[in-house]
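These notes are about the structure you will find just below.
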Amino acid sequence: MSQYTLGAGLVLPEDRGLYSLVDDRVRVTPELVVLSRPAASGWQDITYRELDAHARRVAAVLLHWGVGAGDRVGILGRTSYEWVVADLAVLAIGAITVPIFPTASAAQIAHIVADSGMTWCFAETPEHQELVAGAAAGALRAAPWPLADLDSLTASDDTARADGEVPAAGDGGAGEFERRRDAVRADSIATIVYTSGTTGMPKGCILTHGNLFASSANTVEHTGGLFRVWPPEHTVGTGADGNGADDSDVVTEQAATLLCLPLAHVFGRTILVACLYAGTRTGLLSAVTDLLPAMAGFRPTVLALVPYGLEKIRKGLRAAVDADTELAAVAAGLAQVGTGTDEPGGRPDEALLARVGAVFGGRLTHVISGGASLDSTTAAYYRGLGVHILNCYGLTEAATAVTVNQPETNRVGTVGQPIPGTTVGIAPDGEVLVAGPNVSPGYWRTGQDPLKADTDPLKAGTDPLKAGTDPLTAGAAAQDGTDAAPRWLYTGDLGRLDADGYLVITGRRKEILVTSGGKNVTPTLLEDRMRLHPLVADCMVVGEGRPFVAALVTLEPAVLAKLAAEAGLDLGADRWWEHPAVAERLRDAVDDTNSLVSRAESIRRIRVLPTQFTIADGHLTPSMKLRRAQIEAAFAAEIDELYTTAPEPAGPAPTEPATSAA
């Protein structure tokens with residue numbers, strides 16, 4: 001079995017919790033701006049001192065209500081400053097945060113409340129408060145606290161409990177806060193993250209304070225100055241105090257990012273903790289649609305996004321970038337990859353770069369991309385515009401971060417080397433294995449002791465966290481330098497390590513399609529490219545056990561409306577999606593997509609759906625991944641139509657026209 005590690009990484013001291021990141025900064029750089037939230041006049045900046053004071057006030061309220069160490073406290077809402085403060089207050093007193101996606105259904109919320117044993121909850125909107133109160137069915141000890149009230153919430157607010165009683169006055173003072181904070185340990189449970197699984201109800205993944213720290217802090221250290229200063233190549237010291245000698249006369253500025261990833265997803269949480277650790281000014285946005293309009297004023301230096309966000313920005317820029325220029329940017333980016341240099345030859349003209357740079361705020365140099373596969377032309381497009389995509393790899397069970405490319409050695413086509421302290425292995429069958437201090441101790445089990453994190457059920461065949469006695473680990477070295485085998489996390493992803501330890505993800509064990517002809521097909525490669533067409537909102541490739549590959553496609557409403565007006569298309573007509581104007585544009589999308597693959601892997605027929613894939617209908621996870629089984633069940637008739645209305649299309653595929661099934 002091949003494996004690779006860069007060596008020891010940072011770990012949280014055994015006697016400390018995550019709130020120590022705030023405590024350390026308050027002692028050393030109390031007036032450094034760490035968070036910013038949208039305000040009527042632009043942005044309201046919050047320093048470490050102000051953040052600490054606010055988190056302590058909210059913690060005092062929680063103590064006053066009787067929130068105990070190990071109590072599970074839900075947070076239901078979009079990314080916001082209030083979400084961050086609530087989370088820090090919960091973690092500081094040794095309680096456990098249970099994030100809930102704002103798009104979660106009543107059934108999902110009821111499952112999370114019951115499974116986690118949640119007894120307290122913050123909620124963003126009145127609708128969210130009603131939803132969680134109803135789904136909790138009396139399990140909460142108080143009515144959900146409104147996140148919007150956090151600015152004015154104090155321990156003197158004796159709002160009635162859910163049962164009508166007023167809480168007994170507890171010790172919410174500084175002495176109790178300090179006692180509870182100092183009792184938190186690195187191996188204490190910080191959060192239970194319910195994975196947005198693509199099948200069935202989500203499972204609660206336990207992450208400790210130490211897991212989140214290892215993932216976040218080692219990502220910061222692995223990426224040089226990216227989270228600390230701009231320009232990133234001129235790092236001024238490391239660690240909490242930011243002291244150190246500059247290596248040049250270049251004047252540097254504080255690094256800044258806009259965080260629009262959902263904090264209910266562990267990717268967003270890890271980036272937040274990384275920014276708290278590094279001292280990155282972090283603007284908080286509630287949705288990816290808010291990102292592009294905010295960039296010019298905020299002037300971020302680095303972003304963290306999922307490919308969906310990068311694709312949305314690329315489409316949004318088409319108001320300023322025409323099709324020919326977009327192609328030129330892609331070509332320039334591909335040329336730079338081909339030569340292994342960042343020389344400006346072949347780049348779009350400087351006037352365009354200046355316009356795009358102004359939209360981005362003029363300082364953006366890198367975007368960390370993870371959570372799903374990214375089409376190669378999208379990465380090349382940004383590179384052609386002077387923005388480098390650092391692909392990364394991780395999963396909830398490893399607190400997000402496993403590998404990430406570094407700015408100085410960004411190896412296109414890979415997801416980078418392991419962050420310090422993490423080992424990546426490749427099993428004989430190609431499965432990616434992970435070991436390190438970022439790996440979860442296991443899944444939450446209803447009724448377990450919340451003050452103990454060492455609860456991995458180790459159930460063969462059902463839990464991806466398998467014991468170090470697995471035959472695949474024989475002879476491997478442990479992370480602590482002992483001779484014991486590491487405790488491998490079996491990811492379900494397929495990949496390989498190159499000679500320098502860069503990881504290449506080649507597929508997902510459960511997402512490989514096998515046609516009736518025996519051809520293995522990776523659907524994400526085709527889906528990523530299809531989604532880049534302006535008319536395509538989403539796409540799911542089908543073909544398991546079928547004679548050829550086909551696809552379900554949804555359309556962008558705004559682009560479709562414009563096309564309908566231009567072509568005289570009546571969107572109320574029966575089977576309007578078979579109109580020649582729609583078919584012609586989608587034929588271009590399919591031809592471009594099929595150019596990536598062989599005939600046997602190419603899309604032969606598509607079916608346009610007169611609807612969208614949505615989270616509410618169970619088609620997408622909260623992190624926008626396709627729930628394939630649910631989509632196949634919901635659109636079984638449409639899929640059957642693809643294969644029963646006509647014989648397999650003939651002709652040379654990759655350029656064969658594709659149309660809706662008749």
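The values are calculated or read from the model by the stated rules, or taken from the named source; none is laboratory data. It should be emphasised that the depicted structure is a prediction, and the values quoted were computed from it without experimental measurement. FYI the Cβ positions are ideal-geometry reconstructions off the backbone, even for glycines, and counts take in every protein chain you see. Note: accessible area is taken over every heavy atom of the protein model, side chains too, but ligands, DNA and RNA are not part of it. Shrake-Rupley method; radii C 1.70, N 1.55, O 1.52, S 1.80 Å.
In region 98-121, the qualifying residues are those that are in a strand (DSSP E or B) and touching an Asp or Glu at 6+ places or on another chain (Cβ under 9 Å), and the one that is farthest from residue 619 (Cα to Cα) is 120.
Figure legend. Inter-residue proximity from region 36-58: first residues under 17 Å from residue 147 (Cα atoms) and touching a residue at least 60 places away in the same chain (Cβ under 8 Å), second residues of a type outside the set (Lys, Arg) and open to solvent by 30 Å² or more (accessible area, probe 1.4 Å), beta-carbon distance below 6 Å, spacing 6+ or different chains. Indicated pairs: 36/43; 36/45; 37/44.
In this structure, residue 37 does satisfy being on the phi < 0 side of the Ramachandran plot and in contact with a Phe, Trp or Tyr (Cβ under 9 Å, 6 or more places away or on another chain).
Considering only residues in region 274-290 that are open to solvent by less than 10 Å² (accessible area, probe 1.4 Å) and among the hydroxyl-bearing types (Ser, Thr, Tyr), the one that is nearest to residue 12 (Cα to Cα) turns out to be 280. Would you please name the residue that is modelled with the lowest pLDDT, looking only at residues in region 217-234 that are open to solvent by 40 Å² or more (accessible area, probe 1.4 Å) and outside any helix (DSSP H, G or I)? Among them, the one singled out is 233. When residue 140 is tested against (1) out of contact with any Pro (no Cβ under 6 Å at 6 or more places or on another chain); (2) in a helix (DSSP H, G or I); (3) farther than 23 Å from residue 35 by Cβ, just one condition goes unmet, and that condition is (2). Checking 521, 541 one by one, the residue that is closer than 14 Å to residue 604 by Cβ, modelled with pLDDT of 95 or more and not acidic (Asp, Glu) is 541 and no other. Checking each residue in region 409-428 for being in contact (Cβ under 8 Å) with a residue 60 or more places away in the chain and open to solvent by 40 Å² or more (accessible area, probe 1.4 Å) picks out 411, 412, 413, 428.
In region 383-407, the qualifying residues are those that are surrounded by fewer than 24 Cβ atoms within 10 Å (Cβ to Cβ), closer than 26 Å to residue 530 by Cβ and not hydrophobic (A, V, I, L, M, F, W, C), and the one that is farthest from the chain's Cα centre (by Cα) is 383. Residues satisfying the criterion are present in region 15-22 (criterion: in contact (Cβ under 8 Å) with a residue 60 or more places away in the chain, open to solvent by 10 Å² or more (accessible area, probe 1.4 Å), within 22 Å of residue 220 (Cα to Cα) and basic (Lys, Arg)). Might you check whether a residue that is open to solvent by less than 60 Å² (accessible area, probe 1.4 Å) and more than 25 Å from residue 498 (Cα to Cα) occurs anywhere in region 368-376? Among the residues of region 368-376, not one is open to solvent by less than 60 Å² (accessible area, probe 1.4 Å) and more than 25 Å from residue 498 (Cα to Cα), which makes the answer no. Within region 118-170, the set of residues being farther than 25 Å from residue 51 by Cβ, touching a Leu at 6+ places or on another chain (Cβ under 6 Å) and either open to solvent by 40 Å² or more (accessible area, probe 1.4 Å) or at pLDDT below 90 (or both) comprises just one member, 162. Of the residues making up region 598-612, none is at pLDDT below 85, open to solvent by 50 Å² or more (accessible area, probe 1.4 Å) and in a loop (DSSP other than H, G, I, E, B). A search for C-beta distances below 7 Å between a residue of region 200-211 that is farther than 17 Å from residue 95 by Cβ and open to solvent by 20 Å² or more (accessible area, probe 1.4 Å) and any residue that is at pLDDT 95 or above and in a loop (DSSP other than H, G, I, E, B), counting only pairs 6+ apart in sequence or on different chains, returns nothing.
Note on region 252-296: residues that are of a type in the set (Lys, Arg) and under 18 Å from the mean Cα position of the chain (by Cα) total 1.
Among the residues of region 38-67, those that are of a type in the set (Gly, Ala, Ser) and open to solvent by less than 20 Å² (accessible area, probe 1.4 Å) comprise 55, 59, 60.
If you check every pair at least six apart or on different chains, which have Cβ atoms under 7 Å apart with a residue in region 541-570 that is within 15 Å of residue 626 (Cβ to Cβ) first and a residue that is of a type in the set (D, E, K, R) and open to solvent by less than 10 Å² (accessible area, probe 1.4 Å) second? Going by the 7 Å Cβ cut-off, the qualifying pairs are 541/527. Determine whether region 354-375 contains at least one residue that is under 22 Å from the mean Cα position of the chain (by Cα) and charged (D, E, K, R). Looking for residues that are under 22 Å from the mean Cα position of the chain (by Cα) and charged (D, E, K, R), one finds at least one in region 354-375, hence yes. None of 307, 300, 344, 293 is on the phi < 0 side of the Ramachandran plot, modelled with pLDDT of 85 or more and open to solvent by 40 Å² or more (accessible area, probe 1.4 Å) except 293.
Provide a single number: the residues in region 494-530 that are among the polar types (S, T, N, Q) and assigned to a loop (DSSP other than H, G, I, E, B).
Looking only at that region, the number is 3.
Matching residues to (1) out of contact with any Leu (no Cβ under 6 Å at 6 or more places or on another chain); (2) crowded, with 16+ Cβ neighbours inside 10 Å; (3) at pLDDT 70 or above:
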| residue | (1), (2), (3) |
| --- | --- |
| 460 | yes, no, no |
| 498 | yes, no, yes |
| 502 | yes, yes, yes |
| 505 | yes, yes, yes |
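Just wondering, is there one or more residues in region 584-595 that are open to solvent by 20 Å² or more (accessible area, probe 1.4 Å), of a type in the set (Gly, Ala, Ser) and over 12 Å from residue 539 (Cα atoms)?
yes
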